[in-house]
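**Student:** A single structure is presented below for examination.
Each value in this text was obtained by applying a stated rule to the coordinates, not by laboratory testing. None of these values were measured; they are calculated from a predicted model. Ideal geometry is used to build each Cβ from the backbone, glycine not excepted, and the neighbour counts take in all protein chains shown.
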Amino acid sequence: WSAVEAERTLTAKEKKGSNIFATYAWDAESFKHRIQEAHAAKDHHILRDIMMEVEKSNKSLLWGRVNIPVPITVGVKFTDCLRALQEQKIEDYGAEPKISISHSTLTESVAFFAGQDPRRVVCCVNQADGQVPGGAYWGGDRGTEEDLCRRVPAMHSSLLDAKKEHLYPFGPSTCHAPEQPNQYSDVLFTPRILVARGDEAEGYPILPAERRVQVSIISAAPPRVRVHGEPATQELLSNAVMTLYVAPVYKEPRCTTLILTPWGCGLGVKDEDMITFLVKGLIGELPGIPIKLGRLYHEVHFAIPPTSAVGHASDTSKDLPEIFRKVLQLERIPYVEL
């Protein structure tokens, strides 16, 4: 019994009054089996149609008895982050962070860290489409941002509201020449939003209130060099990575834990070069930015999803865990694998 069929069985009065659909009608077990069947048949069209049902269900969770709140997404400028660093308006921990890596998706890592210790204040970096809110979420795509929007029901609505406030486009798509960066390194910040669904392997179940966790989200658009020819000079990449690390604590000073994916990999810049930029940001070796940005956090975690879960998988995406290990070891950075 699909979510769409369940919705059709309810009258408008029932939807408005009891919100039965949002609370009870989602059959995660059935949904999981339909996903598995689509995968087995290698039918990507059916798989997209199935994924689109989550978007319809998520809309229903934003009203009625469930009434998941939609936080306000705001823009964060590179220049403001740089000024905050230069004027020492951001305090660090005074020590190197714990570095960890895992073979999990971004939202799996968020659920793990945010649910592990209520004292943690977690922020994650969403590899965002800087032109279209949520990327191809509406179309049933299975990329990192799309999965985030499925598991965080209010995320897409918050990004759509940001577009209404003229915060789109942002990122490299606004830059046509390196000497005129425009909003290349600017990001969006969504505060304290609820992860309210389980993962795809479970059929995206609606989680009970006690299992929902809060996370703040930085949406940062990487350069799409291969498809769109967006510039990716050392200076532009350094500035973008700096903003990734600074924006969370600039907007949420209590943030203790930052979770990143292999941001920018598979899009035209060599994967090892992108990962090196991310790692060098931790230890103060970004070109032009000699500040140990890792010290802004108690822990920095790199969530490296399986190849099948990477939205823009590169030819070398299966090697990403090994590249991370290689770069961390080369820079003599201790890390643990979860």
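**Student:** What angle do you read, to the nearest 10 degrees and between 0 and 90, between the alpha-carbon axis of helix 28-41 and the longest principal axis of the chain?
**Tutor:** Rounded to the nearest ten degrees, it is 70.
**Student:** Listing M274, M242, M155, M52 from the residue with the fewest other Cβ atoms within 10 Å to the one with the most, what is the order?
**Tutor:** M52, M242, M274, M155
**Student:** Next question. Can you put I304, I217, I193 in order of Cβ neighbours within 10 angstrom, beginning with the fewest?
**Tutor:** Taking fewest neighbouring Cβ atoms as first place, the list is I193, I304, I217.
**Student:** Can you pick out the pairs among K32/K56; K59/K251; K89/K292 whose Cα atoms lie more than 21 Å from each other?
**Tutor:** Cα-Cα > 21 Å for K59/K251; rest within.
**Student:** Next question, about the same structure. Which percent of Cα-Cα pairs in region 64-152 sits in each 10 Å bin, short to long?
**Tutor:** In whole percents, the pair-distance histogram is 12, 31, 38, 17, 2.
**Student:** In nm, give the distance between the simple-model label positions of Q214 and W63, each being 7 Å from the Cα along the Cα-to-Cβ direction.
**Tutor:** 2.6 nm
**Student:** Also, quick follow-up: Under 5 Å between amide H atoms, partner at least 5 residues away or on a different chain: which partners does K98 have, H built in plane at 1.01 Å?
**Tutor:** HN-HN under 5 Å from K98: E299, V300.
**Student:** Right, next: For region 177-292, state what percent of all Cα-Cα pairs lands in each successive 5 Å bin, counting from 0 Å until the bin that includes the largest distance.
**Tutor:** 2, 10, 18, 19, 18, 13, 11, 6, 3, 1
**Student:** So, in Å, what gap is there between the alpha-carbon centers of region 43-115 and region 265-303?
**Tutor:** Between the Cα centre of region 43-115 and that of region 265-303, the gap is 19 Å.
**Student:** Please compute the alpha carbon radius of gyration of region 131-186, then divide it by the globular-protein estimate 2.2 N^0.38 Å. Two decimals is fine.
**Tutor:** This ratio for region 131-186 stands at 1.26.
**Student:** Follow-up. Kindly put S104, S219 in sequence by how many other C-beta atoms sit within 10 Å of each C-beta, fewest to most.
**Tutor:** S104, S219
**Student:** On full extension of the chain, what length is gained from H166 through E37, given 0.36 nm per residue of separation minus the C-alpha to C-alpha distance?
**Tutor:** 42.4 nm
**Student:** Counting only residues 5 or more places away or on other chains, whose amide H sits under 5 Å from the amide H of N126 once H atoms are built in the peptide plane?
**Tutor:** I218, S219, A220
**Student:** For log10 I(q)/I(0) by the Debye sum over Cα atoms at q = 0.09, 0.10, 0.13 Å⁻¹, one of [x] -0.63, -0.72, -0.98; [y] -0.46, -0.57, -0.97; [z] -0.52, -0.63, -0.97 was computed from the structure I shared and the rest are decoys. Which label?
**Tutor:** Computed from these coordinates, log10 I(q)/I(0) by the Debye sum over Cα atoms at q = 0.09, 0.10, 0.13 Å⁻¹ corresponds to label [y].
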